[in-house]
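One structure is given below, encoded as structure tokens.
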Amino acid sequence: MRLGIMGGTFDPIHWGHLVTAEAARHQFKLDQVLFVPSGQPPHKQGRKVSSPEHRYLMTFLAIANNPMFHISRLEIDRPGFTYTYDTVSHLKAEYGQNIELFFITGADVMRDILTWYKAEELLSICHFVAASRPGFTLLDYMAHADLSRFKENGSIHLIEVPAMAISSTDLRRRITIGEPIRYLVPEAVENYIYKNHLYVPDDGATD
Ligand code: ATP
Ligand code: MG
């Protein structure tokens, strides 16, 4: 079995995440992609992140119509913040040693991977699929001497996905100032955001 893991804050989830997961699923013949919303990070770029339950439910809604996409509560049910290494090790143990794991990221995340907790071990127990993302050229990190060694030994794979200049940061900004997010996120996610007053000043986003 080949399992893709799409980790993220998903605050909120958008088409960029889904296109990337689908491209990786197809290209690496993955049997499933497991979306793993992160637990509550201490802070992310100095802002408060929406509650794990909101982020879980938005992700759930976004993938509901894809039988190959699944969601895991693993990180959000653990108190505090969980390291990717622990999540991947946990999944490896849970699914058995015959599982082949593919951790899917955007180019921005891949660039910093060597700073992660137990980075070398992580790269030795799962493949990494790094997708192009507007504003972050794949060449940025390929040029990184330490990373190119993992590309050569086959633990990091690069893929091109149709460019989607969508980010959760930009979506939150749009909502805060009343700009549309229609056609940037799945309709069910858009409805969820408005129904729960997420990302509007003095409400939802910080609960
Ligand atoms: P934020 O702006 O809050 O950081 P984000 O849009 O980067 O949000 P994350 O939840 O941080 O979303 O990202 C989860 C994963 O999806 C990361 O590996 C990120 O690189 C990747 N990703 C996010 N948006 C895109 C996109 N438009 N194209 C390709 N990969 C993406
Ligand atoms: Mg991000």
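The values are calculated or read from the model by the stated rules, or taken from the named source; none is laboratory data. It should be emphasised that the depicted structure is a prediction, and the values quoted were computed from it without experimental measurement. Here the Cβ positions follow ideal geometry from the backbone for every residue, glycine too, while neighbour counts run over all protein chains shown. In case anyone asks, the SASA skips ligands and DNA or RNA and just uses the protein heavy atoms, side chains included. Shrake-Rupley method; radii C 1.70, N 1.55, O 1.52, S 1.80 Å.
Scoring ILE104 on the criteria (1) within 16 Å of ligand 1 (Cβ to nearest atom); (2) open to solvent by 70 Å² or more (accessible area, probe 1.4 Å); (3) touching a residue at least 60 places away in the same chain (Cβ under 8 Å) leaves a single failure, condition (2).
In region 134-153, the count of residues that are in a helix (DSSP H, G or I), free of Cβ contacts under 8 Å to residues at least 24 places away in the same chain and surrounded by 15 or more Cβ atoms within 10 Å (Cβ to Cβ) is one or more. Going by what's in this entry, would MET68 be described as open to solvent by less than 40 Å² (accessible area, probe 1.4 Å), within 26 Å of LEU171 (Cβ to Cβ) and touching a strand residue (DSSP E or B) at 6+ places or on another chain (Cβ under 7 Å)? The answer is no for MET68. Please verify whether region 61-77 includes one or more residues that are in a helix (DSSP H, G or I) and basic (Lys, Arg). There is no residue in region 61-77 that is in a helix (DSSP H, G or I) and basic (Lys, Arg).
If you go through region 1-33, how many residues are more than 10 Å from ligand 1 (Cβ to nearest atom) and open to solvent by 10 Å² or more (accessible area, probe 1.4 Å)? Within region 1-33, residues that are more than 10 Å from ligand 1 (Cβ to nearest atom) and open to solvent by 10 Å² or more (accessible area, probe 1.4 Å) number 10. Among the conditions (1) out of contact with any Lys or Arg (no Cβ under 6 Å at 6 or more places or on another chain); (2) within 16 Å of ligand 2 (Cβ to nearest atom); (3) of a type outside the set (A, V, I, L, M); (4) at pLDDT 95 or above, the only one that TYR199 does not satisfy is (1). Scanning region 88-99 for residues that are outside any helix (DSSP H, G or I) and open to solvent by less than 70 Å² (accessible area, probe 1.4 Å), which turns out farthest from LEU123 (Cα to Cα)? Filtering region 88-99 for residues that are outside any helix (DSSP H, G or I) and open to solvent by less than 70 Å² (accessible area, probe 1.4 Å), the one farthest from LEU123 (Cα to Cα) comes out as GLY96. Across region 78-87, the qualifying residues are those that are at negative phi and not in a helix (DSSP H, G or I), and the one among them that is farthest from the chain's Cα centre (by Cα) is PRO79. Among the residues of region 168-192, not one is open to solvent by 70 Å² or more (accessible area, probe 1.4 Å), part of a loop (DSSP other than H, G, I, E, B) and within 16 Å of ligand 2 (Cβ to nearest atom).
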